Amino acid sequence: DLSKNQYVQVLYEGKVCLYKQPTKQLVEISEINAGIVKTFSSNTKYYLLINNIAQFVRLNKTELLEALKDKKDQLQLFITDKKLSFKKETDAIDLLKYYNTVQ
């Protein structure tokens, strides 16, 4: 669902790139005493660019290893060695930096 005319934030560039697309949506919630209340909800989507194809991915171990399955075993050892939890974007960036150095 990412098109060429959308803006994304570049988190990492290499053979495999990581992009972030923060979005805001207007949500209407029906409350009993207040009627319809409008609020904003924030959402962030992440994309990996592999071979010039953007692929939506969640920043967790399972989805990243599935997207980078050609070097899955080496990446799994790196994740365990560095104790990456993927609670921060920097963990995914560190994994991609390592992926791009592995032959």
Here the gain from full extension of ILE93 to LEU77, 0.36 nm per residue of separation minus their alpha-carbon distance, amounts to 4.2 nm
Residues whose built amide H sits under 5 Å from the amide H of LYS45, excluding neighbours closer than 5 in sequence, are GLN21, THR23
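Keeping all protein chains in place, calculate the accessible area per residue for region 2-45 (probe 1.4 angstrom), answer in Å². Don't skip to the answer; put the middle values down first.
Working: 3530 Å² over 44 residues.
For region 2-45, the solvent-accessible area averages 80 Å² per residue.
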Of the accessible area of the chain, computed with a 1.4 Å probe and all protein chains kept, carbon and sulfur make up a percent value of 49 percent
The alpha-carbon pair-distance distribution computed for the chain, with 5 angstrom bins and whole-percent values, is 2, 11, 21, 20, 13, 10, 7, 6, 5, 3, 2, 0, 0
As straight-line cross-link partners of LYS45, the qualifying lysines (C-alpha separation under 18 Å, not fewer than 8 residues apart within one chain) are LYS4, LYS20, LYS24, LYS61, LYS87, LYS88
For region 67-78, Karplus-derived ³J(HN,Hα) couplings (6.51, -1.76, 1.60; θ = phi - 60°; whole Hz; x for glycine and proline) come out as 5, 10, 5, 5, 10, 4, 5, 5, 5, 4, 5, 4
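What does the charge dipole of the chain about its Cα centre add up to, to the nearest 20 debye, if the Cβ of each Lys and Arg holds +1 and the Cβ of each Asp and Glu holds -1?
Numbers: 16 positive and 12 negative charges, 35 e Å.
For this selection, approximately 160 debye.
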Residue-ordered couplings for region 33-47, obtained by feeding phi - 60° into the Karplus form 6.51 cos²θ - 1.76 cosθ + 1.60 and rounding to whole Hz (Gly and Pro as x), are 8, 9, x, 8, 10, 9, 9, 9, 10, 9, 9, 10, 10, 10, 9
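In nm, what is the difference between 0.36 nm times the number of residues separating LYS69 and GLN9 and their Cα-Cα distance?
So the extension gain works out to 19.2 nm.
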Along the dipole axis of the chain (charges at Cβ: +1 for Lys and Arg, -1 for Asp and Glu; origin at the Cα centre), the most positive-end residue among TYR98, PHE56, THR44 is TYR98
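So what is the calculated 222 nm ellipticity per residue for the chain, using -39500 (n - 2.57) for each DSSP H run with n of 4 or more, over all residues, to the nearest 500 deg cm²/dmol? Numbers along the way, then the final one.
On the way: 3 runs with 31 residues, N = 103.
About -9000 deg cm²/dmol.
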Residue by residue through region 4-10, the couplings from Karplus 6.51 cos²θ - 1.76 cosθ + 1.60 with θ = phi - 60°, in Hz, x for Gly and Pro, are 5, 9, 9, 8, 9, 8, 7
Between the Cα axis of helix 89-101 and the main Cα principal axis of the chain, the angle (0 to 90°, nearest 10) is 30 degrees
Relative contact order in percent for the chain (Cα pairs under 8 Å, 6+ apart) equals 21 percent
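Please compute the length gained on full extension between SER85 and PHE56, using 0.36 nm multiplied by the number of residues separating them and subtracting their Cα-Cα distance. Mind showing how you got there, number by number?
On the way: separation 29, 0.36 × 29 = 10.44 nm, distance 1.93 nm.
Full extension from SER85 to PHE56 adds 8.5 nm.
The values are calculated or read from the model by the stated rules, or taken from the named source; none is laboratory data. Computed from a prediction, not measured in an experiment: that's the story for all the values here. Positions of Cβ are generated from backbone atoms using ideal geometry, with glycine treated the same way; all protein chains shown enter the neighbour counts. Calculation scope for accessible area: heavy atoms of the full protein, side chains included, ligands and nucleic acids excluded. Shrake-Rupley method; radii C 1.70, N 1.55, O 1.52, S 1.80 Å.
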